[in-house]
Amino acid sequence: MTVMEFFGCTFITFGPPFALFLFTIARDPMRVIVLMASGFFWLCALLMSSIVWFAMVPLRDHLAFGVVCSVLLQEIFRFLFYKILRKANDGLLAVSQQTTEQHVTPKDFSNRHIMAYVSGLGFGVIAGTFSIVNVLADMSGPGTIGIEGDSKYFFLTSACLSLCIILLHMCWGVIFFSALDKKQWIRVGMVVTAHMLFACLSLVNQASSSDNSEVYLGSLIPSYLLLFGSGVAAFLTAGGSLVNLKAALICRRGRYEIE
Amino acid sequence: MQWNSAGSGLMREDLGIPVFALSDESDVFKVLHKCFFKFNLREKNETAREYPLCAAELNTKMYAAIDTETCLRRSRHFSFLGKNELCDPMGDKNNHVTMLNIPQNETRADDSVIVVGARLDSASLFTLEYQASDTSVTGFVSLLAAMEALWKVKDKIRKTKNAKDIMFAFFHGEAYDYIGSSSMVYSMTQGTFPQDLDHGLHLHKIQLQHIHQLVELNQVGYRDNEGSLWLHTDPNNRKTKLAQIQKMIDGLQDATQGLNVTLQEADATLPLPPASSQRFLMEQSDIPVVVVTDHQTQFTNKFYNSRLDLPELINATDYSPDLSKADKYDHVTKQAELIAELSTALARYLYQASTGAAPDATTEQTLTANSSTVTHMLYCFLVSPNCELFKETVSPVNAESLKTTVLPYPFYVGVYSSQQTRELSTLVYSLMARFTGDKVDLSESDCKENENDKRYSYLYVQGTLKGKGQEREGWCLKSLVHKSDALSPAFIIDGYDWKSGKYSTWTESRWGGESDSIRVRLFLVPSKQLQVSILVFGIVVLVLSLLIVYWCSIHATHIFTNRLTGSGTQSTYSPMF
């Protein structure tokens, strides 16, 4: 009965990541491997945070404690993954060279932002999946939410927030890795702060009810503003600029001009 | 003749949807206040409420389909996992006890057994919901009380020369086309009643020709203003056995003298109302039969076989509000008094019919049913089985499960199992052993059937409390009480024609297991509008992101100036790259 809702929310959450995977990752096996590996690291972070949550018996019922703890652990594991990826760089380079005589460094390794982006997306996809998959399972039928007085926009909000965290992780991956490369600790701190901000914003949603659906806007709007900010920062970090973007937009015409 | 005009036949209707009964107040509250009133109830001038609407999903998986014949045939199929049983025949155990212990090597004269019977069960759609107060409880409790009274003078009857044997029979499964009585009649014709043994000392066979007369108690709880009961006979039966029937009616009416119970003869042209006796008459039409009920034409019980056949409606729970639980148990209700009078009359009649002489004054005094036992039985069967009478009368094994029981035991016959007996039948069996048996001095482990003399059954029950402690005395009861299968002959006879309609062919489906067990879910159904908008939004997000990412990926080299770290070389954009 609620199949349409189910598919709608699935497309919202996983549409953009799917497009990114399809056009930028799927064609290169090395990127797929790194994507999976970073997903695995996020899972390790989840495992650690659940152990901590489980061990802290008196704090189990306090959602905020679990959230803060989990955010910190996720960032620690992102750092660990960065370390390992950089250590494995030479090895990865070796296996991706197809002939022994190949002297050109593959683009993926010459441009370090690519692996940063891939691992950020891996983090994001698995985080987003874990945040939405239970909700999706309930959404598949036969009913929708609301009999206990909850807002009917819960599913839609969950889907949008999951999409947001996926894309945020992607941006943070780029910023975080580049900041570590250049030892810019302030930017590392900013990523952690942004993550903490996003996580704590979602706590606002607890106040929602069927008569009070506007509460969701209180977390959705700041979250997407944060995404916009992070997106711009990551774009600039990766070497993009407004000028380049304009050039790309007119490139078709430009191509003929060059001819 | 339509006996139960108040009945709607709803139980036999195929509704095509699962039906659930919610008896727990909190469940009902949830359905009404969290679901129906809040989301679905229409205002006066409203045509329909707006979405979201509240809906419920009911889940009951039953394996059987179509009819008994089909499901039994399918049950015989073997799969690699073994037998795939889909349904089970309904039935349980009948209980009976005889006054005389005639072994198989003595003679039992024809027309020498007086059979008194009553049914145990009621039809039921939801196992624990049907209390069957008048449908069956009044009848079999009256019979049990009469039994208790009669066995006080058992020695007198047994000593009387040529005294007729008296058999008390309790039929189970009668609500489903007379499973119990047809089963007993069938085993009588097969010569396997009461015991199917061919060696050792056992009871003499009782066959249909041995039956001298049959008195049956039906519903006796709803009496009219004069408090009278009706004696029904069968017109065909009257043709052949008029003299004997008249004698029975006179005898029964004489027995009520001085008692607060009136027995009136029903119109002789009326057919016999639905009763277990029908099964005996079908097989042998010349057994004189009298059926005692509380109605002449229409049922006075408007809730025959119904969920509303409650003890409140037959004054079986007329407690004043300040009574404690223990006082309620001991309070002699109006119905209990009425039943005790009837039982006394029945016991006196049976004494007279068996010995051929009216009881003398002292015997008559002894032959009085105990109204306090009757009220205890009504309390235990209808209000709470966790009562002193049942505690005393169950075996130590069953005592544990009795402790945790709150609701009265179900009056639904359920499916037949050769090993297990329903609580109802077990309790009636134990009560019969208690009322008719002798306490013998045997320990719990020694209290079992004697290999050489199988006429007697032995039952170990908890007994009364010892002094003030929690210890119970423990009685070993030696009695002539026996149980026999109440399983429709349709499932016994090889090649029985299922369409013939001769015997009951009721089966109950097997139910879904753990994963798809019985459950109800309440939830909201969202409006189509909201669903479609979410879907459209999702599709738009998907398509847009595909387009944007595709565009970005082919222009990546334009957008991102590759600032290669490490090597320091700056690669520039080249359209030819």
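Restricting to segment B:418-448, name every residue that is of a type in the set (Asp, Glu) and under 28 Å from the mean Cα position of the chain (by Cα). Of everything in segment B:418-448, just one residue is of a type in the set (Asp, Glu) and under 28 Å from the mean Cα position of the chain (by Cα), namely B:Glu423.
Looking at segment B:400-417, which of the residues that are of a type in the set (A, V, I, L, M) and surrounded by 16 or more Cβ atoms within 10 Å (Cβ to Cβ) is farthest from B:Tyr460 (Cα to Cα)? In this case the residue turns out to be B:Val415.
Within segment B:493-517, being farther than 19 Å from B:Asp67 by Cβ and either within 14 Å of chain A (Cβ to nearest Cβ) or within 24 Å of the chain's Cα centre (by Cα) (or both) holds for B:Gly512, B:Gly513, B:Ser517.
Quick check on segment B:93-105. Is at least one of its residues of a type outside the set (S, T, N, Q) and farther than 30 Å from B:Gln244 by Cβ? Checking segment B:93-105: at least one residue is of a type outside the set (S, T, N, Q) and farther than 30 Å from B:Gln244 by Cβ. Checking every residue in segment B:80-101 against the condition of being away from chain A (no Cβ under 14 Å) and assigned to a helix (DSSP H, G or I) gives zero matches. The single condition among (1) at pLDDT 85 or above; (2) more than 14 Å from chain B (Cβ to nearest Cβ) that A:Gly128 does not meet is (2).
Can you find a residue that is among the hydroxyl-bearing types (Ser, Thr, Tyr), in contact with a helix residue (DSSP H, G or I) (Cβ under 7 Å, 6 or more places away or on another chain) and surrounded by fewer than 18 Cβ atoms within 10 Å (Cβ to Cβ) anywhere in segment B:299-311? Checked segment B:299-311: no residue is among the hydroxyl-bearing types (Ser, Thr, Tyr), in contact with a helix residue (DSSP H, G or I) (Cβ under 7 Å, 6 or more places away or on another chain) and surrounded by fewer than 18 Cβ atoms within 10 Å (Cβ to Cβ).
Taking the conditions (1) surrounded by fewer than 17 Cβ atoms within 10 Å (Cβ to Cβ); (2) among the aliphatic types (A, V, I, L, M); (3) touching a Gly at 6+ places or on another chain (Cβ under 7 Å) in turn, B:Leu477 satisfies each one other than (1).
Each row is one residue, and each column tells you yes or no for (1) among the β-branched types (Val, Ile, Thr); (2) under 24 Å from the mean Cα position of the chain (by Cα); (3) surrounded by 18 or more Cβ atoms within 10 Å (Cβ to Cβ).
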site	(1), (2), (3)
B:Ile339	yes, yes, yes
B:Thr344	yes, no, yes
B:Val374	yes, yes, yes
B:Met377	no, yes, yes
B:Leu389	no, yes, yes
B:Glu392	no, yes, yes
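Report yes if A:Met170 is within 14 Å of chain B (Cβ to nearest Cβ), over 30 Å from B:Glu50 (Cα atoms) and in contact (Cβ under 8 Å) with a residue 24 or more places away in the chain, otherwise no. Yes; evaluated as a whole, the condition is true for this residue.
Scanning segment B:518-542 for residues that are more than 8 Å from every other protein chain (Cβ to nearest Cβ) and under 23 Å from A:Leu22 (Cβ atoms) yields a single hit, B:Val540.
A single entry from A:Ile221, A:Ile175, A:Ile145 fulfils the requirement of being surrounded by 20 or more Cβ atoms within 10 Å (Cβ to Cβ) and modelled with pLDDT of 90 or more: A:Ile175. As a summary of the residue check, B:Ile66 satisfies the conditions (1) among the aliphatic types (A, V, I, L, M); (2) surrounded by 14 or more Cβ atoms within 10 Å (Cβ to Cβ); (3) out of contact with any His (no Cβ under 6 Å at 6 or more places or on another chain) except for the one numbered (2). Close Cβ contacts (under 8 Å, 6 or more residues apart or on different chains) running from residues in segment B:544-555 that are facing another protein chain (nearest Cβ under 8 Å) to residues that are aliphatic (A, V, I, L, M) and surrounded by fewer than 17 Cβ atoms within 10 Å (Cβ to Cβ) comprise B:Leu546/A:Leu22; B:Val549/A:Leu22. Take segment A:15-39 and flag every residue that is more than 8 Å from every other protein chain (Cβ to nearest Cβ), among the hydrophobic types (A, V, I, L, M, F, W, C) and touching a residue at least 24 places away in the same chain (Cβ under 8 Å). Residues satisfying the conditions are A:Phe21, A:Ile25, A:Met30, A:Val34, A:Leu35, A:Met36, A:Ala37. Only one entry in B:Glu449, B:Glu508 is among the acidic types (Asp, Glu) and modelled with pLDDT under 90, namely B:Glu449.
Against the list (1) outside any helix (DSSP H, G or I); (2) surrounded by fewer than 19 Cβ atoms within 10 Å (Cβ to Cβ); (3) touching a helix residue (DSSP H, G or I) at 6+ places or on another chain (Cβ under 8 Å); (4) touching a residue at least 60 places away in the same chain (Cβ under 8 Å), the condition B:Thr363 fails is (1).
Is one or more of the residues making up segment B:393-400 under 21 Å from B:His482 (Cα atoms) and touching a Gly at 6+ places or on another chain (Cβ under 7 Å)? The answer is no, given that none of the residues of segment B:393-400 is under 21 Å from B:His482 (Cα atoms) and touching a Gly at 6+ places or on another chain (Cβ under 7 Å).
Can you say whether A:Leu242 is over 16 Å from the mean Cα position of the chain (by Cα), closer than 27 Å to A:Ile76 by Cα, of a type in the set (A, V, I, L, M, F, W, C) and within 14 Å of chain B (Cβ to nearest Cβ), as far as the supplied structure shows?
no
When we screen B:Gln298, B:Gln278 for residues that are of a type outside the set (Gly, Ala, Ser), in contact with a Ser or Thr (Cβ under 6 Å, 6 or more places away or on another chain) and in contact (Cβ under 8 Å) with a residue 40 or more places away in the chain, the only hit is B:Gln298. Assess whether A:Arg60 counts as being under 20 Å from the mean Cα position of the chain (by Cα), more than 10 Å from chain B (Cβ to nearest Cβ) and among the basic types (Lys, Arg). Judged against the criteria, A:Arg60 is not a match. Identify, please: which residue in segment B:34-64 is in contact (Cβ under 8 Å) with a residue 24 or more places away in the chain and assigned to a loop (DSSP other than H, G, I, E, B) and is, among those, farthest from the other protein chains (Cβ to nearest Cβ)? Taking the candidates together, the pick is B:Ala64. Considering (1) within 17 Å of A:Gly8 (Cβ to Cβ); (2) surrounded by fewer than 20 Cβ atoms within 10 Å (Cβ to Cβ), the lone condition that A:Cys160 does not fulfil carries the number (2). Of all residues in segment B:431-466, those being among the small types (Gly, Ala, Ser), more than 13 Å from B:Met147 (Cα to Cα) and not in a strand (DSSP E or B) number 3. For segment B:526-538, the criterion of being touching a residue at least 12 places away in the same chain (Cβ under 8 Å) and either under 25 Å from the mean Cα position of the chain (by Cα) or not in a helix (DSSP H, G or I) (or both) is met by at least one residue.
For segment B:142-167, a tally of residues being in a helix (DSSP H, G or I) and acidic (Asp, Glu) returns 2.
The values are calculated or read from the model by the stated rules, or taken from the named source; none is laboratory data. Given the structure is predicted, the values throughout are model-derived calculations rather than measurements. In this analysis, Cβ positions are derived from the backbone assuming ideal geometry, glycine residues included, and neighbour counts consider all displayed protein chains.
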